[in-house]
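The values are calculated or read from the model by the stated rules, or taken from the named source; none is laboratory data. Keep in mind that this is a model prediction, so the values were computed, not measured. Using ideal geometry, Cβ is built from the backbone for each residue, glycine included, and neighbour counts are taken over all protein chains shown. Note: accessible area is taken over every heavy atom of the protein model, side chains too, but ligands, DNA and RNA are not part of it. Shrake-Rupley method; radii C 1.70, N 1.55, O 1.52, S 1.80 Å.
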Amino acid sequence: MTELRAYGHADLPAIRRILLDVHAEAYADQMDDPFHQRFAWFVDHWGRNPGFACVIGWEGDEPVGFAYGAPGVAGREWWRGHLAEPPADPSTFSVSELMVRPAWRRTGTAERLHAALLEPRPEALAVLLVDTTHDRVQALYESWEYAKVGEQQPFPDSPRFAVMLRHLVPRQRGAESPWSADC
């Protein structure tokens, strides 16, 4: 991957098809699942947020993956209800999607996309959800300084997700998580 490009709310009409196409390839074997079939709705939902941020990785003129999200709504952050005590600064960026086309997996592309998405964020925290049956993905996020703080199933047809939270101010690697979970 030679280039990472950042996009925002106003760019959604220009990048929407790219996001849908990458998703269709990344989940080609699961497209009969109604939850995955609603991906366009999720893109539109997140893209409507004025704080929507997206990073797409490009190899020449070919998209290789993307990451996107938006600031969390105060009082409705995904980590709410999972922490014994709320953080002193609860401002949160919700990482909604991180997706890499199969040919670029295990190349460091996901980590580069994720880092580029979060690097400019002013929020104190980042939160994301990962399917609880994907232990390796959860371990990858833990290696990126996320901690599992709980579980939730946001839609009746969605998987059960681990709620993963991290400080956006770097902690010392190996330091214990500052959160106690109710999970």
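Observations on the model:
- Flag for ARG105 being basic (Lys, Arg) and either closer than 20 Å to LEU19 by Cβ or in contact (Cβ under 8 Å) with a residue 12 or more places away in the chain (or both): yes
- The set of residues from the stretch 129-149 being open to solvent by less than 20 Å² (accessible area, probe 1.4 Å) and within 19 Å of ALA88 (Cα to Cα) comprises TYR146, ALA147, VAL149.
- Filtered residue count, the stretch 150-165, keeping only those that are of a type outside the set (S, T, N, Q) and either open to solvent by 10 Å² or more (accessible area, probe 1.4 Å) or assigned to a helix (DSSP H, G or I) (or both): 8
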